[in-house]
Amino acid sequence: MTPAPTLQELIDGVHADSSDDEALLQLSEASKTVGDLERLADALLDHFVEQCRRSGHSWSEISGALGVSKQAAHKRFTADAPSFERFTERARTVLSQSEREAHRLGHGFVGTEHILLALVAVVDGLAARVLAEAGISKSIVEENVLVLIKRGTATEEGTLPLTPKAKAVLRHAVDEALRLGHNYIGTEHLLLGLVGDEQSVAGKVLLELRASYGFIKDRTLALLAGLSEA
């Protein structure tokens, strides 16, 4: 088995990536490293669980290999992203763009941070207009994302796996659309799904930029009302 990084190797990496020897800066760098490892671990397990499912293995077999109960494995790995039938063309463009953003940052997975970067990149979407009103640009988002996570070195091509939190954003976007009485999922619903999870990277960035759930929802409804009147 390929050995995982040792604690000393991780400590040395944090020292190497820190701009100086100030303890708080090193702690911040260590926090980013831990976040990166957690997201990679989630994506790694998702990949091989999906491989087992395609090979015909049961949830009992999978849970045994994972060392957890069947109920825990089923709950953890069956929370799939919703189908994209009701997603608008712009929302689908955002999802495609999020994968490109992940590749650009050298990440081997698509997380909430990549969806947020895509939302500000697709400038003709309603979400981008809401964010622009808050003074939030792609460069500002990327700067804040890179405070929380580091650029990676992944070189994989093609489709990247969604992290569990990214999948949850898509499900939350569907819920937001239903709450608003909409029969489609647009970029505005993706944004509401993002800001609703304050523990995700995207949620933390939006909070840092003072774009709260209440603000995003109010501006979204105001813009939708304006479009309806027009």
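The values are calculated or read from the model by the stated rules, or taken from the named source; none is laboratory data. The structure displayed is predicted, hence computed values, not measured ones. Because the Cβ atoms are built from the backbone with ideal geometry, glycine has one as well, and the counts that use them run over all protein chains shown.
Below are the figures for this structure:
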{"quantity": "Residue match in the range 102-119 (condition: at pLDDT 95 or above, farther than 30 Å from residue 26 by Cα and hydrophobic (A, V, I, L, M, F, W, C))", "calculated": "yes"}
{"quantity": "Test for residue 155: is it in a loop (DSSP other than H, G, I, E, B), out of contact with any helix residue (DSSP H, G or I) (no Cβ under 8 Å at 6 or more places or on another chain) and either in contact (Cβ under 8 Å) with a residue 24 or more places away in the chain or within 30 Å of residue 48 (Cα to Cα) (or both)", "calculated": "yes"}
{"quantity": "Matching residues in the range 53-81 - criterion: being of a type outside the set (A, V, I, L, M), modelled with pLDDT under 75 and surrounded by 15 or more Cβ atoms within 10 Å (Cβ to Cβ)", "calculated": "59, 74, 76, 77"}
{"quantity": "Residue 177 vs. criteria without any contact (Cβ under 8 Å) to a residue 12 or more places away in the chain, assigned by TED's automatic domain parsing to the domain that holds residue 103 and either crowded, with 16+ Cβ neighbours inside 10 Å or assigned to a helix (DSSP H, G or I) (or both)", "calculated": "no"}
{"quantity": "Number of the condition not met by residue 208 [criteria: (1) closer than 21 Å to residue 32 by Cβ; (2) in contact with a Gly (Cβ under 9 Å, 6 or more places away or on another chain)]", "calculated": "(2)"}
